[in-house]
1. Would you mind calculating the gained length between residue 135 and residue 90 on full extension (0.36 nm times residue separation, minus the Cα-Cα distance), in nm to one decimal?
2. Arranged from highest to lowest average of other beta-carbon atoms within 10 Å per residue, in what order do the peptides 77-90, 131-144 appear?
3. Please order 155, 111 by the number of other Cβ within 10 Å, starting at the fewest.
Amino acid sequence: MRRFIGWALAAVSVAALGCGIAIPAATASAAARPACKTTVNWIGLPGDGYAGGQEVQLEFSNTGTVTCTLYGHPGVAQENAGGQVGLPATWTGTPVTVTLKPGGTAHAVLDVREAICIKPQTSTYLRVIAPGLKTAWPDPFTSLACPGKSVMRVDPVKNGVGVPFYTIS
């Protein structure tokens, strides 16, 4: 059974590319479409837990009026009271260019593992930033974090939605 807990819809307004995400040399398909610089909405929806952790579907939607591309991994950090707790999510998997038409949605899977450390700290939300964008917004999500260590792994953005029937169009 899928368990949905509190979530917030966040609009990410972008002025330029950034956040250290590597953008590869343009390919024939990517060269014809600009990198997503318009507003991208994201939403985090926790899925089923497993022994030792929980997967979270991160959904990214193009709310702009032109087709654009995303390439890479989202940035994800656990935070509490305005400060980061632990290290950001590590990246797994090989990125591909994802093309988003206006209203189109892509996703990435975030794996939040059990915090095994001497003094775990509570994190009350995740701060997520889409690949290549500069602004991140919080999403309520309670978990434990380890100081100086990451307890999260995130896959690159992929085509399609991670949550069935979720889309903004």
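Read the figures in this text as sums done on the coordinates, not as results from a lab. Source: prediction; values computed, not measured. All Cβ positions, even for glycine, are placed from backbone atoms using ideal geometry, and neighbour counts span all protein chains on display.
1. Working: separation 45, 0.36 × 45 = 16.20 nm, distance 1.90 nm.
The span from residue 135 to residue 90 would gain 14.3 nm if fully extended.
2. On the way: 77-90: 16.7, 131-144: 19.7.
Packing proxy ranking, top to bottom: 131-144, 77-90.
3. On the way: 155 21, 111 18.
So the residues, fewest neighbours to most, are 111, 155.
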